[in-house]
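Q: Please find one structure pasted underneath; my questions will follow.
The values are calculated or read from the model by the stated rules, or taken from the named source; none is laboratory data. The structure displayed is predicted, hence computed values, not measured ones. In this analysis, Cβ positions are derived from the backbone assuming ideal geometry, glycine residues included, and neighbour counts consider all displayed protein chains.
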Amino acid sequence: MGLIVKTFPKGPLSENTYILTDERTGRTAVLDPGYCGEDILSAMQDDTHLSYILLTHGHYDHFAAAEKYMEMYPSAIFAAPAKEKYLLHGGRDNKWMALGKGTGVCPDAGMLLKEGDTVTLGETVLRVIETPGHTEGGICFVTDKEVFTGDTLFRLSVGNTALETGDRDTLVRSIQDKLYELDDDLIVWPGHGAATTIGHEKKANPFVQAKQKSAPAVLAADGTEHIGSGEFSGRDDLIDVIIPDSVREIGMRAFASCTALENIVLPSNLRRIRKELFSGCTALKKVHIPDGVTDIGEWAFRGCVSLEKVIIPESVTDIAAEAFLSCPGVTIIAEKGSYAESYAAKFGIPFKAEYV
Ligand SMILES: [Fe+2]
């Protein structure tokens with residue numbers, strides 16, 4: 001079960017108006033209501049429950065028929081981007097786009113959407129991400145399988161940034177930092193033109209390339225045995241890090257507050273995870289603690305809000321009570337029957353026996 005998406009590329013300037021229907025419940029939304037015609041109305045049966053009229057940004061070609069839908073479905077909620085007020089109320093470019101057919105002013109929204117908001121359509125949840133650049137307040141809607149990108153990202157192209165409130169650098173950042181971070185398999189349903197996928201655009205879009213991930217930084221020369229307390233603390237340029245196997249000891253807070261650090265390969269000779277070692281590493285996702293480590297110190301992972309997995313070997317027989325303080329998404333992965341399993345149970349941390 002999922003979302004049924006029907007495309008009507010019939011809005012002004014061939015804008016794509018989408019009809020979204022949650023397969024299990026029949027709940028329906030119209031997204032970017034630039035067009036309303038017989039074909040759409042016959043596709044929406046009499047018993048269609050139109051729950052939402054959704055808007056990605058404040059250009060006239062995307063909202064031209066919003067008022068018509070609102071009149072026909074008075075219980076539907078018109079939800080528009082919170083930061084798009086200027087254009088929604090008739091910016092200069094919208095008057096131009098109205099081509100004499102309207103005022104370029106959008107009807108008032110019943111719901112204003114911002115980053116992280118969700119719209120629930122039956123069993124489908126559409127998550128809002130803010131993607132400024134084509135316009136200052138543009139948003140995209142993301143589900144498990146698709147993303148509706150408005151005029152931010154097109155198949156092998158991107159939205160115009162020369163119109164009012166547009167900005168090229170901001171658009172590139174929105175695509176690289178928000179859209180290209182989504183799963184490659186997600187279908188991209190754009191505001192104009194054919195559908196594509198995130199993976200295809202990352203590979204082939206000539207306007208915005210995916211960010212090159214830099215090679216992991218190897219910290220400390222091979223042969224080094226000791227990394228000092230606080231030695232790399234606060235470095236915001238470290239993303240992927242490898243520590244040479246010769247290192248046996250890493251001091252307290254050695255990587256504390258390395259806010260960009262995502263992955264670290266720890267040396268196989270390490271014996272202890274010292275106090276506050278990764279405290280405040282807010283981007284850290286997964287840590288594999290090497291076999292041979294015996295204890296994990298107080299606040300070792302405090303505030304690692306992105307931490308998803310910590311793999312803990314059987315050699316660990318002592319973990320401090322607050323080692324994982326403020327790690328809301330962490331799962332401990334270890335052998336069944338290990339000390340780590342009983343620790344996880346004691347402190348209510350999710351546990352999985354998938355030790356590899
Ligand atoms: Fe637009």
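Q: For a quick check of your reading of the model, give me the residue pairs whose first member lies in the stretch 7-18 and is hydrophobic (A, V, I, L, M, F, W, C), whose second is in a loop (DSSP other than H, G, I, E, B) and away from the ligand (no atom under 14 Å from the Cβ), with beta-carbon atoms closer than 6 Å and at least 6 apart or on different chains.
A: Phe8/Tyr35
Q: Here's a follow-up. Going through the stretch 187-212 one residue at a time, which ones are modelled with pLDDT of 95 or more, surrounded by 18 or more Cβ atoms within 10 Å (Cβ to Cβ) and of a type in the set (A, V, I, L, M)?
A: Val188, Ile198, listed by residue number.
Q: Quick one: how many residues across the stretch 125-136 are crowded, with 22+ Cβ neighbours inside 10 Å and of a type in the set (Lys, Arg)?
A: Total meeting the criteria: 0.
Q: Right, another one. Name the single residue that is farthest from the chain's Cα centre (by Cα) among those in the stretch 137-156 being of a type in the set (A, V, I, L, M) and crowded, with 24+ Cβ neighbours inside 10 Å.
A: Among those that are of a type in the set (A, V, I, L, M) and crowded, with 24+ Cβ neighbours inside 10 Å, it is Leu153.
Q: Separate question: With (1) among the small types (Gly, Ala, Ser); (2) assigned by TED's automatic domain parsing to the domain that holds Tyr18; (3) under 17 Å from Ala283 (Cβ atoms) as the list, and Ala254 as the residue in question, which single condition is left unmet?
A: Status for Ala254: all satisfied but (2).
Q: Which condition number in (1) at positive phi; (2) surrounded by 22 or more Cβ atoms within 10 Å (Cβ to Cβ) is the one that Gly122 fails?
A: (2)
Q: Now for a separate question. Collect the residues in the stretch 128-187 that are assigned to a loop (DSSP other than H, G, I, E, B), hydroxyl-bearing (Ser, Thr, Tyr) and more than 14 Å from the ligand (Cβ to nearest atom), keeping them in residue-number order.
A: Scanning the stretch 128-187 gives Thr143, Tyr180.
Q: Also, quick follow-up: Go through (1) under 25 Å from the mean Cα position of the chain (by Cα); (2) within 16 Å of the ligand (Cβ to nearest atom); (3) modelled with pLDDT under 95 for Gly91 and report which single condition fails.
A: With (1) under 25 Å from the mean Cα position of the chain (by Cα); (2) within 16 Å of the ligand (Cβ to nearest atom); (3) modelled with pLDDT under 95 applied to Gly91, the lone miss is (1).
Q: Give the residues of the stretch 41-88 that are among the hydroxyl-bearing types (Ser, Thr, Tyr), touching a residue at least 60 places away in the same chain (Cβ under 8 Å) and within 16 Å of the ligand (Cβ to nearest atom), sorted by residue number.
A: Thr56, Tyr86
Q: Give me the pairs: first residue in the stretch 236-263 and more than 18 Å from Cys304 (Cβ to Cβ), second residue of a type in the set (Lys, Arg) and surrounded by 16 or more Cβ atoms within 10 Å (Cβ to Cβ), beta-carbon distance under 9 Å, and six or more apart or on different chains, which are they?
A: Glu249/Arg272; Glu249/Arg274; Gly251/Arg274
Q: In the set Glu23, Glu38, which member is without any contact (Cβ under 8 Å) to a residue 12 or more places away in the chain and away from the ligand (no atom under 16 Å from the Cβ)?
A: Only one candidate passes the filter, namely Glu38.
Q: Only one of (1) out of contact with any helix residue (DSSP H, G or I) (no Cβ under 7 Å at 6 or more places or on another chain); (2) within 12 Å of the ligand (Cβ to nearest atom); (3) not aliphatic (A, V, I, L, M) is not met by Glu123, so which one is it?
A: Among (1) out of contact with any helix residue (DSSP H, G or I) (no Cβ under 7 Å at 6 or more places or on another chain); (2) within 12 Å of the ligand (Cβ to nearest atom); (3) not aliphatic (A, V, I, L, M), the lone unmet condition for Glu123 is (2).
Q: For the stretch 321-348, how many residues meet the condition of being in a loop (DSSP other than H, G, I, E, B) and either surrounded by fewer than 17 Cβ atoms within 10 Å (Cβ to Cβ) or touching a His at 6+ places or on another chain (Cβ under 9 Å) (or both)?
A: The number of residues fulfilling the criteria is 10.
A quick yes/no check of all residues on (1) of a type outside the set (S, T, N, Q); (2) in contact with a Pro (Cβ under 9 Å, 6 or more places away or on another chain):
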| position | (1), (2) |
| --- | --- |
| Ile243 | yes, yes |
| Ser246 | no, yes |
| Cys281 | yes, no |
| Ile289 | yes, yes |
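Q: Which one of Asp236, Asp222 is in contact with a Pro (Cβ under 7 Å, 6 or more places away or on another chain) and charged (D, E, K, R)?
A: Going through Asp236, Asp222 in turn, just one is in contact with a Pro (Cβ under 7 Å, 6 or more places away or on another chain) and charged (D, E, K, R): Asp222.
Q: If you check Leu277, Leu261, Leu266, which single one turns out to be in the same structural domain as Val293 (by TED's automatic domain parsing), surrounded by fewer than 20 Cβ atoms within 10 Å (Cβ to Cβ) and not charged (D, E, K, R)?
A: Leu266
Q: Would the stretch 188-196 turn up any residue that is in contact (Cβ under 8 Å) with a residue 12 or more places away in the chain, within 16 Å of the ligand (Cβ to nearest atom) and in a helix (DSSP H, G or I)?
A: No: the stretch 188-196 contains no residue that is in contact (Cβ under 8 Å) with a residue 12 or more places away in the chain, within 16 Å of the ligand (Cβ to nearest atom) and in a helix (DSSP H, G or I).
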